[in-house]
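Student: My questions will all concern the structure given below.
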Amino acid sequence: MSLFGKRQVRAEDDALLMGRGRFIDDIRLPGMLHVAIVRSAAARAKIRVNVEAARASDDVVAVITAGDLPASARVLPDCHPNPALPDPREPPVLADGEVRYVGEPICAVVARDRYLAEDGADLVEVEYETMPAIIDIEAALTAASPLVHTDVPLNRAAQIKLATGNTDQAFGAAHHIVRDRLTIQRGAGQAMETRGIVANWDRYQQKMVVWNVSQVPYVHRAAIAKALKLDEISVQVLNGDVGGGFGYKGLTYTEDLLIPVIAQMLEQPIKWIEDRAEHLIASYHERTQIHELEMALDANGRILGVRGRFLHDNGAYVPWGPVVPLLTAVNIPGPYKVPNFTVECDIVYTNTVPVAPVRGAGRPQACYVMERLLDAAGREMNIDAADLRRLNLIPPDDYPYELGFISRDGTRRTYDSGNVPALLERALDLVDYTERRQLQAKAPADGPMVGIGIACCVEDTGLGPYEEVGMSIEADGSVTVRMGTPSQGQGQRTAFAQIAADAFDIPFDKVRVVAGNTEEVRYSIGTFASRAGVVTGSAVHQAAQQMKDRALGFAAALLQTKTDALMFRDGAVVLADDTSRGVTLSEIVETSLGESGAPLALREFGPGMSVTGSFSPATNTFATGCHVAVVEVDLQTCKVNIIKYAAVEDFGNLANPLITDGQVLGGIALGIGNTFFEKVEYDEDGQILTGTFMDYLMATTMDMPRVDIDYVATPSPLNPLGMKGAGQGGTIPVPAVLSAAIDDAVRREGFRLRHAPFSESDLFQLLAESGPPLTKGAK
Amino acid sequence: MKPPPFEYAAPETIEEISALLAEYGDEARIIAGGQSLMPLLALRVVRPTVLIDIGRVSALDGWRQENGILRVGANLRQQDLLEDEDLKSALPLCAEAAPQIGHPATRSRGTIIGSICHADPAAELPVCALALGALMTVRSADGERQIAAADFFDGALSTAVSDEEFVPEVHIPLPDVLTGFAFCELSRRHGDFALVGVGCSASLDTDKRIVTARVGIGGVDDTPLCFDLDSAAKEQISDGQSVGDVAESIASQLDPGTDLHATSDYRRAMAALLIDRALQTAVSRASEG
Amino acid sequence: MGAPKQILHVDLVVNGTAYSRDVEARRTLADFLRDDLNLTGTHLGCEHGACGACTVIVDGQPNRACLVLAVQADGSEIQTVEGLAAGEQLNPVQEAFKKHHALQCGFCTPGFLMAASALLQTNSDPTELEVREYLSGNICRCTGYQFIIDAVLSAAHKMREPGTSD
């Protein structure tokens, strides 16, 4: 009985389907007070705050301003230090005299319920002495620009440079060079559950108990402890069900400190639930980058080099170092052989919401620019899009493949395993590529405008340094798995139960997976960057091996045989050559715990059946993917209809393909949003124009095509189960593949999509500016 | 996003509504289905002293036909346009527009008159009201008056209804056999407000020549707009010439704004396209009887 | 602010149980269900009627509970996600959601379940396009919708022909 790899329905589902979830806003504690936060209405201003009227209201319990905060909790610490951004500007927990983006927290109003708290917030008067806002990242880098932070010249937070080979020489020898200016605009995570925090100073336990929606509860525990001047052990962070993460819940926010601080000050439970209006203007965004890149190719279309620079809009503060632009920089070569590569990036402060990873995290940009350059080269050199990729993809025999520069984690960037040519061929088959190309060549000029796009990508997944897993066999013979990585919907309780059940040959429902409590295991990093499945999953496997060794040793002593004569079978340890003889897991636990007052039977083993295992990967494992889309463009309305969409992924060995299918589909839906809909828009004064779901649009059932998913597995050599992360592969290539398909459908001189997202109206304007249709032969 | 405090009144007669409006004036807001008002309350951009819930005034329920006029009460829901077969055949234009008004869970509460009175320039039903030549009954404690749809909308989210008045009923002329209708819309996503929405009605004489043709357009100005085809245009279409020229000519008079969702040029071009489609369809439906 | 607030009385039936409560006029039905009746299965995703997470069935019709005042629901009969299962036994729509992996984080799920239930009450044999149109007002960020659509089609089949597999 192997559960690993099975499409196991999820252990999580029953409670969620019956309305018995335990989400943050479902928590109710006696005496709990509610917070509403007054947020900046200006992008850049000196402020004066008058809270007298609010404090005078009978319905307001307290109003907390910057001056009320303890010195240890005035500024958010740098929770994710990174040497590439050595001197980050971190946000004040509450704005103190100056604001730097619309939505920045100014003060907190505490009341008996949220309605009253919002009434109180209405009574707070904020006077703004506004100053010109810094929004445009190119203008921000000029000497004439005002400064977001007066001590950061040119608004430049940091510069990144990556290089390998001799790029200038490669360009000197080039047969053909394509160059382009390619831009991506910011979007947001927009999980259906907004952020929220409940904090309670538990005076009986002398402990600050914090429930939140964190992807990184251990990071939050450390930051909260420091802010409250408590030992880490006196802070407990709990996550119940979390309604989606998508990266932006993986960071630390000012509220993560503010709410526990208020709970400590007032000695009452405090709840803050971010509402959607707050979320849209105050939860971290991602994606705005401007890239100016060029690609050199030889006469056959083989890539000789890529070079250029890009600008990254960092927003007003630094939530997570330079991780997004760094991920773009290292991911530009993708699964292609790029022998010579030089890229530079300026990271720029602006008066906008701080920027942090959102599902995809810099990689959609990297994939977009690389694939757009390839598409441009293919068109200019009259090489078929598939052929051009076949020519340039890293051949399977070249793995492990070293790129020649340092990766995000400080190691020499090396793709551990992969076979992207096989992904490409499978994806092309799924859309009947050859036949479609033939049809396309024969199609009448006034017929439907059908085009095909292809994009391939890599994703660094399963990064270190470690995850820890506690495992115990219970008195009833069931197994408990305890871990530090919380779930935001990824089905960890199911996938990890599959791994553990296999190890002991017990049914799926005999494994209980527990997470979301910093007291279950001592150490953890968190659930982000497609790492929990790989790293925690491997730690589950490691803990299970230790647990098996322990149980086998114990059983061997009980049965007076050798461990290699024993095996696990159906909840028992039995003799391999006579499976009717053995000892059940229950009996092992019972014996291992002995009787109160009596000596243990097998003292040398120590008590109980409980172990702690961990896994520390040597470096990232690389997932790869290839998406191919067929679209039809209505030249009158400029609406795009996705006729066919194929996604072929290499996530290594899959614990549960049902779950990975879900990851791919959800990723693609976000990617479609990133292509057509999801755009955070600021005006020149830094006012955010997309402040409701009427203006910030996401893909719906009507916008999502049916997707054909398939997998080609090259197991990772970097972990015992051969797994790779699956969390972001669906999202990364979508804007690239759809842009390519639209270009191909339209086939006009001078028309090339260079910006995402774009609306039907944008497409209309671009078409109006472009020349006549290209001849059919050129793709 | 919690509504600000307000008093709540649930009158049971039209007279009580009028009396409350006379008392509170601009400090009162009417709520029927609430599908447009509730978001504004949640965002606290609307802060009424008193909310007058007309949902329990049974005199405002339902619809009836009388002397060639369809009388729609203020509590009639948008969903009825999809479910009530008699209403569908009496109001084919609104029935065609209905699937594009929000979603099932908003249409089930949202009212026809509520949407018209909310006066979103990109909403479907105000366009229909214009294309159908609807008359809005407007009532206050002092009495009743009627405002033609063409005079009803005076700005974005603004109508000719004064603070002391409300709209208990809309009168829509019932179509005859030789009248055809069509509604065409483009929106960012299904159920969103229109980028451009066009409703057309066309009436023919027994020789199947156009007697009247009217085009309502939403999404292209601060209010929905209405155009009656001039005799030249009617002749041209009746003679079987291209509707496209007529559509282009109307579209060329439009000056749509550019916003987050579409440019002015796009909206104008789509208006031409949709007017063409809707007019053609309305005329052909009219001639099919 | 601080003035005495008007308190109104609300009687309604939720999932077959009669409730009688005093509420402030401005309280939304969603907050009333969650906070006054402790039925926290109905979730708030946007509070401005644009995500569908709070969809409940009021007098047989799908409604967004954030766009209804509790006082407006006085006298109504309401079904929420808590009323779908019979004890621990999932109903066919819930069962299909589980089988087809139509939920990940589960936050939007109650809204989808109630919208799908409303659809299947009026249309027992919807086409895929009808399912897509009906559910297009509900936003899900996790699933990409495909498995939700599959689940609703499968539940419809199962409810039409109990005992068959799909």
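The values are calculated or read from the model by the stated rules, or taken from the named source; none is laboratory data. The structure displayed is predicted, hence computed values, not measured ones. Quick reminder, even Gly has a Cβ in these numbers, built from the backbone with ideal geometry, and neighbours come from all protein chains shown.
Student: Looking for something in contact (Cβ under 8 Å) with a residue 12 or more places away in the chain, within 25 Å of the chain's Cα centre (by Cα) and more than 8 Å from every other protein chain (Cβ to nearest Cβ) - is there at least one such residue anywhere in the range B:39-46?
Tutor: Initially, the range B:39-46 is screened for residues in contact (Cβ under 8 Å) with a residue 12 or more places away in the chain, giving B:41-44, B:46.
When the remaining residues are screened for being within 25 Å of the chain's Cα centre (by Cα), the result is B:41-43, B:46.
Next, from what is left, pick out any that are more than 8 Å from every other protein chain (Cβ to nearest Cβ): B:46.
For the range B:39-46, residues in contact (Cβ under 8 Å) with a residue 12 or more places away in the chain, within 25 Å of the chain's Cα centre (by Cα) and more than 8 Å from every other protein chain (Cβ to nearest Cβ): present.
Student: Provide a single number: the residues in the range A:712-728 that are surrounded by 18 or more Cβ atoms within 10 Å (Cβ to Cβ) and either farther than 24 Å from A:Leu428 by Cα or within 14 Å of chain B (Cβ to nearest Cβ) (or both).
Tutor: Number satisfying all stated conditions: 6.
Student: For A:Thr731, state whether it is touching a residue at least 60 places away in the same chain (Cβ under 8 Å), part of a loop (DSSP other than H, G, I, E, B), within 14 Å of another protein chain (Cβ to nearest Cβ) and touching a Pro at 6+ places or on another chain (Cβ under 7 Å).
Tutor: Details: touching a residue at least 60 places away in the same chain (Cβ under 8 Å): yes; part of a loop (DSSP other than H, G, I, E, B): yes; within 14 Å of another protein chain (Cβ to nearest Cβ): yes; touching a Pro at 6+ places or on another chain (Cβ under 7 Å): yes.
Taking the combined requirement at face value, the residue satisfies it.
Condition check ((1) more than 9 Å from every other protein chain (Cβ to nearest Cβ); (2) modelled with pLDDT under 95; (3) surrounded by fewer than 19 Cβ atoms within 10 Å (Cβ to Cβ); (4) touching an Asp or Glu at 6+ places or on another chain (Cβ under 8 Å)) across all residues:
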site	(1), (2), (3), (4)
A:Gln8	yes, no, no, no
A:Asp13	no, no, no, no
A:Leu17	no, no, no, no
A:Leu29	yes, no, yes, no
A:Ala36	no, no, no, yes
A:Ser40	yes, no, no, yes
A:Val49	yes, no, no, yes
A:Asp58	no, no, yes, no
A:Ala62	yes, no, no, no
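Student: Could you give every pair whose Cβ atoms fall below 8 Å, whose first residue belongs to the range B:105-127 and is within 13 Å of chain C (Cβ to nearest Cβ) and without any contact (Cβ under 8 Å) to a residue 12 or more places away in the chain, and whose second residue is of a type in the set (Ser, Thr, Tyr) and surrounded by 24 or more Cβ atoms within 10 Å (Cβ to Cβ), counting only separations of at least 6 or pairs across chains?
Tutor: B:Ala105/C:Thr55
Student: Out of curiosity, is C:Gly75 touching a strand residue (DSSP E or B) at 6+ places or on another chain (Cβ under 7 Å), part of a loop (DSSP other than H, G, I, E, B), in contact (Cβ under 8 Å) with a residue 60 or more places away in the chain and over 21 Å from A:Ile24 (Cβ atoms)? Step through it out loud before you land on a result.
Tutor: On the way: touching a strand residue (DSSP E or B) at 6+ places or on another chain (Cβ under 7 Å): yes; part of a loop (DSSP other than H, G, I, E, B): yes; in contact (Cβ under 8 Å) with a residue 60 or more places away in the chain: yes; over 21 Å from A:Ile24 (Cβ atoms): yes.
Criteria met by C:Gly75.
Student: Can you list the strands (runs of 3 or more DSSP E) found entirely within the range A:361-468 that contain at least 1 residues being of a type in the set (Gly, Ala, Ser) and modelled with pLDDT under 95?
Tutor: Passing ranges, in order: A:401-406.
Residue-wise test of (1) crowded, with 21+ Cβ neighbours inside 10 Å; (2) basic (Lys, Arg); (3) in contact with a Leu (Cβ under 8 Å, 6 or more places away or on another chain); (4) outside the structural domain of C:Ala53 (by TED's automatic domain parsing).
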position: C:Ala70; (1), (2), (3), (4): yes, no, yes, no
position: C:Lys99; (1), (2), (3), (4): no, yes, no, yes
position: C:Leu103; (1), (2), (3), (4): yes, no, yes, yes
position: C:Thr122; (1), (2), (3), (4): no, no, no, yes
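Student: Right, here's the next one. Before we move on, is C:Glu24 closer than 19 Å to A:Leu280 by Cβ, surrounded by 17 or more Cβ atoms within 10 Å (Cβ to Cβ) and at pLDDT 95 or above? Spell out how you get there, then give the answer.
Tutor: Numbers: closer than 19 Å to A:Leu280 by Cβ: no; surrounded by 17 or more Cβ atoms within 10 Å (Cβ to Cβ): yes; at pLDDT 95 or above: yes.
So C:Glu24 fails the test.
Student: Find the residue count for the range A:338-381, including only residues that are surrounded by fewer than 24 Cβ atoms within 10 Å (Cβ to Cβ) and basic (Lys, Arg).
Tutor: Qualifying residue count, the range A:338-381: 1.
Student: Return yes or no: is A:Ala108 buried (at least 19 other Cβ atoms within 10 Å of the Cβ), over 30 Å from A:Lys161 (Cα atoms) and more than 27 Å from the chain's Cα centre (by Cα)? Give the derivation first.
Tutor: Numbers: buried (at least 19 other Cβ atoms within 10 Å of the Cβ): yes; over 30 Å from A:Lys161 (Cα atoms): yes; more than 27 Å from the chain's Cα centre (by Cα): yes.
When the stated conditions are applied, A:Ala108 passes them.
Student: Looking only at the range A:535-572, count every residue that is aliphatic (A, V, I, L, M), over 18 Å from A:Thr591 (Cβ atoms) and under 37 Å from the mean Cα position of the chain (by Cα) and tell me the total.
Tutor: Of the residues in the range A:535-572, the ones aliphatic (A, V, I, L, M) are A:535, A:539-540, A:543-544, A:547, A:551-552, A:555-559, A:565-567, A:572.
Cutting the leftovers down to over 18 Å from A:Thr591 (Cβ atoms) gives us A:535, A:539-540, A:543-544, A:565, A:567.
Going one step further and asking which of them are under 37 Å from the mean Cα position of the chain (by Cα), we end up with A:535, A:539-540, A:543-544.
Matching residues across the range A:535-572 total 5.
Student: Could you check, for the range A:104-127, whether at least one of its residues is away from every other protein chain (no Cβ under 11 Å), in contact with a Gly (Cβ under 6 Å, 6 or more places away or on another chain), part of a loop (DSSP other than H, G, I, E, B) and not basic (Lys, Arg)?
Tutor: Within the range A:104-127, none of the residues are away from every other protein chain (no Cβ under 11 Å), in contact with a Gly (Cβ under 6 Å, 6 or more places away or on another chain), part of a loop (DSSP other than H, G, I, E, B) and not basic (Lys, Arg).
Student: If I go through the range C:94-130 residue by residue, how many of them are more than 7 Å from every other protein chain (Cβ to nearest Cβ) and either over 12 Å from the mean Cα position of the chain (by Cα) or at positive phi (or both)?
Tutor: 15
Student: Kindly establish whether A:Ala71 is free of Cβ contacts under 8 Å to residues at least 24 places away in the same chain and either within 14 Å of another protein chain (Cβ to nearest Cβ) or over 30 Å from A:Asp502 (Cα atoms) (or both). Show your work before the answer.
Tutor: Values: free of Cβ contacts under 8 Å to residues at least 24 places away in the same chain: yes; either within 14 Å of another protein chain (Cβ to nearest Cβ) or over 30 Å from A:Asp502 (Cα atoms) (or both): yes.
For A:Ala71, the condition - free of Cβ contacts under 8 Å to residues at least 24 places away in the same chain and either within 14 Å of another protein chain (Cβ to nearest Cβ) or over 30 Å from A:Asp502 (Cα atoms) (or both) - is met.
Student: If C:Pro162 satisfies all but one of (1) at pLDDT below 95; (2) within 11 Å of another protein chain (Cβ to nearest Cβ), what's the number of the condition it fails?
Tutor: Looking at each condition in turn, C:Pro162 falls short on (2).
Student: What is the one condition in (1) touching a Ser or Thr at 6+ places or on another chain (Cβ under 7 Å); (2) among the small types (Gly, Ala, Ser); (3) at pLDDT below 95 that C:Ala115 does not satisfy?
Tutor: Among (1) touching a Ser or Thr at 6+ places or on another chain (Cβ under 7 Å); (2) among the small types (Gly, Ala, Ser); (3) at pLDDT below 95, C:Ala115 violates only (3).
Student: When both residues are 6+ apart or on different chains and their Cβ atoms are under 6 Å apart, which pairs have a first residue that lies in the range A:739-764 and is within 12 Å of chain B (Cβ to nearest Cβ), and a second that is among the hydrophobic types (A, V, I, L, M, F, W, C)?
Tutor: Pairs that qualify, where the first residue is within 12 Å of chain B (Cβ to nearest Cβ) and the partner is among the hydrophobic types (A, V, I, L, M, F, W, C), are A:Pro757/A:Phe676; A:Glu760/A:Cys638; A:Ser761/B:Ala262; A:Leu763/A:Cys638; A:Phe764/A:Cys638.
Student: Considering the range A:237-251 alone, what residues qualify as being touching a strand residue (DSSP E or B) at 6+ places or on another chain (Cβ under 8 Å), outside any loop (DSSP other than H, G, I, E, B) and within 12 Å of chain C (Cβ to nearest Cβ)?
Tutor: Answer for the range A:237-251, where residues must be touching a strand residue (DSSP E or B) at 6+ places or on another chain (Cβ under 8 Å), outside any loop (DSSP other than H, G, I, E, B) and within 12 Å of chain C (Cβ to nearest Cβ): just A:Tyr248.
Student: Being of a type in the set (D, E, K, R) and not in a helix (DSSP H, G or I) is the filter; apply it to the range B:47-66 and report the residue that is nearest to the other protein chains (Cβ to nearest Cβ). Walk me through how you get there before you give the answer.
Tutor: Applying the first criterion (of a type in the set (D, E, K, R)) to the range B:47-66 yields B:47, B:53, B:56, B:61, B:64, B:66.
Subset that is not in a helix (DSSP H, G or I): B:47, B:53, B:61, B:64, B:66.
Numbers: B:Arg47: 9, B:Asp53: 6, B:Asp61: 14, B:Arg64: 22, B:Glu66: 28 Å.
Per the stated criteria, the residue is B:Asp53.
Student: Test of understanding: among A:Leu16, A:Leu3, which residue is closer than 30 Å to C:Pro92 by Cβ, of a type outside the set (Ser, Thr, Tyr), outside any helix (DSSP H, G or I) and under 28 Å from the mean Cα position of the chain (by Cα)?
Tutor: Working: A:Leu16 fails: outside any helix (DSSP H, G or I).
Only one candidate passes the filter, namely A:Leu3.
Student: Would you confirm whether any residue within the range B:237-249 is within 30 Å of A:Leu689 (Cα to Cα), part of a helix (DSSP H, G or I) and not charged (D, E, K, R)? Explain how you work it out, then say what you get.
Tutor: Quick first cut of the range B:237-249, residues within 30 Å of A:Leu689 (Cα to Cα) only: none.
The answer is no; no qualifying residue exists.
Student: Let me ask something additional. Residues that are under 30 Å from A:Gly410 (Cα atoms), part of a loop (DSSP other than H, G, I, E, B) and more than 14 Å from every other protein chain (Cβ to nearest Cβ): does the range A:91-102 have at least one?
Tutor: For the range A:91-102, residues under 30 Å from A:Gly410 (Cα atoms), part of a loop (DSSP other than H, G, I, E, B) and more than 14 Å from every other protein chain (Cβ to nearest Cβ): present.
Student: Would you pick out the residues in the range B:123-147 that are small (Gly, Ala, Ser), surrounded by 22 or more Cβ atoms within 10 Å (Cβ to Cβ) and assigned to a loop (DSSP other than H, G, I, E, B)?
Tutor: Residues satisfying the conditions are B:Ala123, B:Ala134.
Student: If only one of A:Leu85, A:Leu116 is in contact with a Pro (Cβ under 8 Å, 6 or more places away or on another chain) and touching a residue at least 24 places away in the same chain (Cβ under 8 Å), which one is it?
Tutor: Details: A:Leu116 fails: in contact with a Pro (Cβ under 8 Å, 6 or more places away or on another chain).
One residue alone meets the criteria, A:Leu85.
Student: Can you tell me which residue in the range B:1-38 is surrounded by the most Cβ atoms within 10 Å (Cβ to Cβ), limited to those that are under 23 Å from the mean Cα position of the chain (by Cα) and polar (S, T, N, Q)?
Tutor: B:Gln35
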